[in-house]
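Before any comments, here is the structure.
Read the figures in this text as sums done on the coordinates, not as results from a lab. What you are looking at is a predicted structure, and each value in this text was computed from that prediction instead of being measured. Heads up, the Cβs are rebuilt from the backbone with ideal geometry, glycines too, and the neighbour counts pull from every protein chain shown.
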Amino acid sequence: MSKDRLTRIIATDCGSTTTKAILIEYVDGEYRQTVRGEAPTTVEAPLNDVTRGVVNSVQELEELARLKYNNPNIKFLSDDGEREIVIPRDGDLGVDAYVSTSSAGGGLQMMVTGVVANMTGESAERAALGAGAIVMDVIASNDKRLNHEKIERIRELRPDMILMAGGVDGGTTKHVVEMAELIGAADPKPRLGSSYKLPIIFAGNNKATDEIKNTLEKKVDLIIADNLRPTLDKENLGPARDKIHDIFMEHVMQQAPGYNKLMEWTRAYLDGKISQIPIMPTPAAVGNIMQTIAKMEEIEVVGVDIGGATTDVFSVFTEDYVFNRTVSANLGMSYSISNVLASAGLPNILRWVPFDIDESELRNMIKNKMIRPTTIPALLEELVLEQAIAKEALRLAFIQHKEFAVSLKGVQQNRDIASAFDQQTSGGSIVNMMTLNLIVGSGGVLSHAPRRQQTVMMLIDAYLPEGVTRLAVDSIFMMPHLGVLAEINPEAATEVFNKDCMIVLGTCVAPVGRIKPDAIALSAEIELPDGNVFKEDIPFGEIRLIPCPLNTKAKAKLKPGKGLDVGAGKNQEFITELSGGVVGIVLDTRGRQPFVLPTDKQTRIKNLKKWMKELNAYPEKILN
């Protein structure tokens, strides 16, 4: 074994309520996650020291590793009173690397400013979201608020930091300087700590730098970064994101109880020496593993983490692997569940329920969940209702993501006469469901569904994948740990992601286009790994589930119905391989562009029961 190889790694994720620790080891020529432990996060009173929760979770790793290997000598923590994690590894003692992410204390909260809301304002928001921040507000010269309203808003929000953008390099400086004057007049204070100045990153027109310094330098901690929109047709988010990470470590994390100590612990034994490894915000780490997987496997990916209060959507699209992240702050499954009802409307939730239910009963169930956010469904009917709400939360969050993940607005395009009549314009969404290769779901309602078929059903109904798309779920929310690990060892992160983190559910095949209700939508001939062949002409409005084991491939010949496209073009036969999974291959001919559920209640309930039976999503008693 190479001495330069990391052979034992501990990663922790310090969440708002729980600190989760995992042990990754190089075993039999591959990296595997071997042990997992967790403990309550201790950033708040009475302990006020995040390292106490870290030590408790790592101590559980020690005990479980000793049981796993029947070795009482395994030790990951030192005995010097500080209980820091031992690095480098020496036999049974210590580890080669310790890395961590954090969203404790509410995560990273930011405000961004720009000159034009849907140009530099959006670019600034993309930079902040990509760095793992919650964007509290976007203030722009053209956002129609009066100056005193903007000043009051800056004062009351008290973000951890502000990112200022605006203007292309060498352009006019007037509006950029006006935004700086507003911030100066507001004299904002940071959320954590009263002994330091609020960090403000200026990543706008380089011509305005001197004036920005004159306006703000004495009032705030001003940091200058490269313009994130140097020209109209170019976005340069990397330098601003790097500055956000640096300030997150140097300023924000230093104010949270115990983080200065934790930052000394996060180290790795690399190239024969010990190096400090920065702590990453949890969402930034999830985005990092998504980008790593997309680049290493050369695929397009969408990931979602649906929580109690928010739903995060991550995507990597196009040959340039453009990364986007959005936070739907009012779409969640417990604290924000009433907002899902308000945003989606009762009819949209009820359309996924395969039985008749009184509207007041559903409202009461939603209100009870909001009042008691930690409860889980006790009855099968409650589970069905909760998963119907989840479909709408996922759908709405994805709509918001598609509206945000766009090509650059304000870019003049050269277009020929044929394309002049197309609906596409600059600023259109780059999310293309037909070229999407993989959807990864995460969060309690998806990861902990009693049957994996229910997870498949939620992902398909919410995202409506087109063509051929793989589906997967994060088994134990390990993506943050692997995202920060990818910074020092992409090989280990990718290997553990594919073998231990991601549970492959299977593949969805869905023809796209309009078709008559009684016509054949898909002619499928699929040779399964066991030698059996599935062959059927499937009419419109059906679902077929074909079992195909995990880690296997099926050879498929897919012929779409007249006017439809299944991945090779309209009316074109598509010969491909379909990945198996714990659920299998789903053939979905219910229609795309458009997808429409029957408006008649009895017909809709009949169809829902038929589809759910085919997927074996629920017990027979609720579908009869």
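At full extension, residue 571 and residue 27 could sit 191.0 nm farther apart than now, given 0.36 nm per residue minus the alpha carbon distance. For the chain, the relative contact order works out to 10 percent when only alpha carbon pairs closer than 8 Å and six or more residues apart are counted. The residue 152 and residue 174 beta-carbon pair, evaluated with R₀ = 22 Å, returns a calculated FRET efficiency of approximately 0.45.
In this structure, the pairs whose alpha-carbon distance is over 19 Å, taken from 516/601; 144/218; 516/559; 516/609, are 516/601; 144/218; 516/609. For residue 295, the lysines whose Cα falls under 26 Å of its own Cα, not counting residues fewer than eight places away in the same chain, are 234, 243, 402, 409, 499, 553, 555.
Straight-line cross-link reach from residue 174 at under 14 Å between alpha-carbon atoms covers these aspartates and glutamates, not counting any fewer than eight positions away in the same chain: 210, 211. Within straight-line reach of residue 197, meaning a Cα separation under 18 Å, sit the following aspartates and glutamates at least 8 residues removed in sequence or on another chain: 156, 160, 181, 187, 217, 221, 246, 250. Projecting the Cα atoms of 378, 434, 448 onto the dipole axis of the chain, where Lys and Arg carry +1 and Asp and Glu carry -1 at the beta carbon, places 378 farthest toward the positive end. Computed on the Cα atoms alone, the convex hull of the stretch 1-74 gives a volume of 101 cubic angstrom per residue.
Maximal additional length on extending the residue 60-residue 211 stretch stands at 48.9 nm, based on 0.36 nm per residue less the C-alpha distance. Which value does Rg/Rh take for the stretch 107-236 over its C-alpha atoms, Rh per Kirkwood? With Rh from the inverse mean 1/r over Cα pairs, Rg/Rh is 0.93. With both labels modelled 7 Å from their Cα along Cα-to-Cβ, the residue 234 to residue 552 distance reads 5.2 nm. Projected label points at residue 527 and residue 219, each 7 Å from Cα along the beta carbon direction, are separated by 7.2 nanometres. Per residue, the Cα convex hull of the chain amounts to 187 Å³. Exposure proxy shown here: for 136, 333, the number of other Cβ atoms within 10 Å sets the order, fewest to most, as 136, 333. With a Förster radius of 60 Å applied to the C-beta separation of residue 144 and residue 376, the computed FRET efficiency comes to 0.90. Calculated FRET efficiency, residue 71 and residue 270, Cβ-Cβ r, R0 35 Å, to nearest 0.05? Step by step, r from the Cβ atoms, then E = 0.85. Given their separation in residues at 0.36 nm each and the Cα-Cα distance between them, residue 346 and residue 487 gain 46.4 nm when the chain is fully extended. By other beta-carbon atoms within 10 Å, ranking 275, 141 with the fewest at the front produces 275, 141. Per-peptide packing, taken as the mean over residues of other Cβ atoms within 10 Å, places 153-159, 434-440 in the sequence 434-440, 153-159 from highest down.
Taking label positions 7 Å along the Cα-Cβ direction at both residue 437 and residue 408, the computed distance is 2.6 nm, reported to one decimal.
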